[in-house]
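Engineer: This is the structure I have questions about; it appears just below.
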Ligand SMILES: CSCCC(=O)C(=O)COP(=O)(O)O
Ligand SMILES: [Mg+2]
């Protein structure tokens, strides 16, 4: 087995979800399919609720920012009160969600709605999160060795807690010291990693970030965070340059913690 030595200054391991702890196939075929199949009915059922109105309002603001993009789907401002107007509005939101998902956009607005929609499916036991088999044993081992373990995903913190609270391994929320999402900043922006370090109360070079996406790895590295790129079945391929440049792991078992941890 290839081993990657974790630098002695690392005290925090920061984990991405999709493509790192969890197969992309689970996210696409289960989580995202659920949204596509249920978004219209969800909006029709929950439209009058405060939480749903906040989600729609955030999506509308995002749609305004996106108006210059090719194929962007606008969401009209609430106007009349007729049933036809309501159905048109709901259809615009549905179309906007489908458009954003077709591009795998990671906007806070889309992720917030998705998190709220998954709540019913997870709490009813209709969905259980899948992890690569090495993930949970490794996280337990890291924690036993004194490491802090955090999650940083584009999925909302609320969604992250649903994922780790309802998994094929049971409720494993206790394994994590905290959760970050795009409210702290996008994963492709270096500043997000500085803010995460501030929030944890450590230096950026105390963090090792594991992700499948090299744009995220590059942003983290620019902030002086240690990174390793996770290569899993179903992940996007890497270029030869990326393979040479980044430390790669195919399993969390390949990480070797410093002796004092
Ligand atoms: C709670 S994560 C659900 C998956 C998701 O919505 C997503 O965008 C995954 O992004 P990641 O940053 O974990 O690659
Ligand atoms: Mg990922």
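The values are calculated or read from the model by the stated rules, or taken from the named source; none is laboratory data. All values derive from a computational prediction rather than experimental measurement. A quick note on method: Cβ atoms are made from the backbone with ideal geometry, for glycine too, and the neighbour counts reach across all protein chains shown.
Engineer: How many of the residues in the stretch 1-46 are at pLDDT 95 or above and either over 20 Å from the mean Cα position of the chain (by Cα) or away from ligand 2 (no atom under 16 Å from the Cβ) (or both)? Spell out the reasoning first.
Structural biologist: To start, the set of residues in the stretch 1-46 that are at pLDDT 95 or above comprises 4-46.
If we keep only those that are either over 20 Å from the mean Cα position of the chain (by Cα) or away from ligand 2 (no atom under 16 Å from the Cβ) (or both) as well, we get 4-12, 33-46.
Residues that pass the stated criteria total 23.
Engineer: Can you pull out the residues in the stretch 190-216 that are under 16 Å from residue 20 (Cα atoms), in contact with a strand residue (DSSP E or B) (Cβ under 7 Å, 6 or more places away or on another chain) and not in a helix (DSSP H, G or I)?
Structural biologist: Selection gives 208, 209, 210, 211, 212.
Engineer: Quick one: would you say residue 219 is crowded, with 20+ Cβ neighbours inside 10 Å, touching a residue at least 40 places away in the same chain (Cβ under 8 Å) and either part of a strand (DSSP E or B) or in contact with a helix residue (DSSP H, G or I) (Cβ under 6 Å, 6 or more places away or on another chain) (or both)? If you could, list the steps in order and put the result at the bottom.
Structural biologist: Values: crowded, with 20+ Cβ neighbours inside 10 Å: yes; touching a residue at least 40 places away in the same chain (Cβ under 8 Å): no; either part of a strand (DSSP E or B) or in contact with a helix residue (DSSP H, G or I) (Cβ under 6 Å, 6 or more places away or on another chain) (or both): yes.
So residue 219 fails the test.
Engineer: On the basis of being within 13 Å of ligand 1 (Cβ to nearest atom), modelled with pLDDT of 95 or more, under 18 Å from residue 20 (Cβ atoms) and touching a strand residue (DSSP E or B) at 6+ places or on another chain (Cβ under 6 Å), does residue 167 make the cut?
Structural biologist: Spelling it out, residue 167 is indeed within 13 Å of ligand 1 (Cβ to nearest atom), modelled with pLDDT of 95 or more, under 18 Å from residue 20 (Cβ atoms) and touching a strand residue (DSSP E or B) at 6+ places or on another chain (Cβ under 6 Å).
Engineer: A further question on this structure: Answer yes if at least one residue in the stretch 24-41 is in contact with a helix residue (DSSP H, G or I) (Cβ under 6 Å, 6 or more places away or on another chain) and more than 15 Å from ligand 1 (Cβ to nearest atom), and no otherwise.
Structural biologist: Yes; the residues of the stretch 24-41 include at least one that is in contact with a helix residue (DSSP H, G or I) (Cβ under 6 Å, 6 or more places away or on another chain) and more than 15 Å from ligand 1 (Cβ to nearest atom).
Engineer: Can you tell me which residue is farthest from residue 23 (Cα to Cα) among those in the stretch 170-184 that are touching a helix residue (DSSP H, G or I) at 6+ places or on another chain (Cβ under 6 Å) and either outside any loop (DSSP other than H, G, I, E, B) or free of Cβ contacts under 8 Å to residues at least 60 places away in the same chain (or both)? So that I can check it myself, show each step before the final result.
Structural biologist: Taking the stretch 170-184 as the starting set, the residues that turn out to be touching a helix residue (DSSP H, G or I) at 6+ places or on another chain (Cβ under 6 Å) are 171-173, 175, 179-182, 184.
Filter once more, keeping what is either outside any loop (DSSP other than H, G, I, E, B) or free of Cβ contacts under 8 Å to residues at least 60 places away in the same chain (or both): 171-173, 175, 179-180, 184.
Numbers: 171: 18, 172: 17, 173: 19, 175: 19, 179: 19, 180: 20, 184: 24 Å.
So, considering only residues that are touching a helix residue (DSSP H, G or I) at 6+ places or on another chain (Cβ under 6 Å) and either outside any loop (DSSP other than H, G, I, E, B) or free of Cβ contacts under 8 Å to residues at least 60 places away in the same chain (or both), the one farthest from residue 23 (Cα to Cα) is 184.
Engineer: Among the residues in the stretch 45-60, are any surrounded by 19 or more Cβ atoms within 10 Å (Cβ to Cβ) and within 16 Å of ligand 1 (Cβ to nearest atom)?
Structural biologist: Looking through the stretch 45-60, at least one residue is surrounded by 19 or more Cβ atoms within 10 Å (Cβ to Cβ) and within 16 Å of ligand 1 (Cβ to nearest atom).
Engineer: Now, a different point. For the stretch 227-260, enumerate the residues that are in contact (Cβ under 8 Å) with a residue 60 or more places away in the chain, within 26 Å of residue 8 (Cβ to Cβ), out of contact with any strand residue (DSSP E or B) (no Cβ under 9 Å at 6 or more places or on another chain) and surrounded by fewer than 14 Cβ atoms within 10 Å (Cβ to Cβ).
Structural biologist: 260, the sole residue that qualifies.
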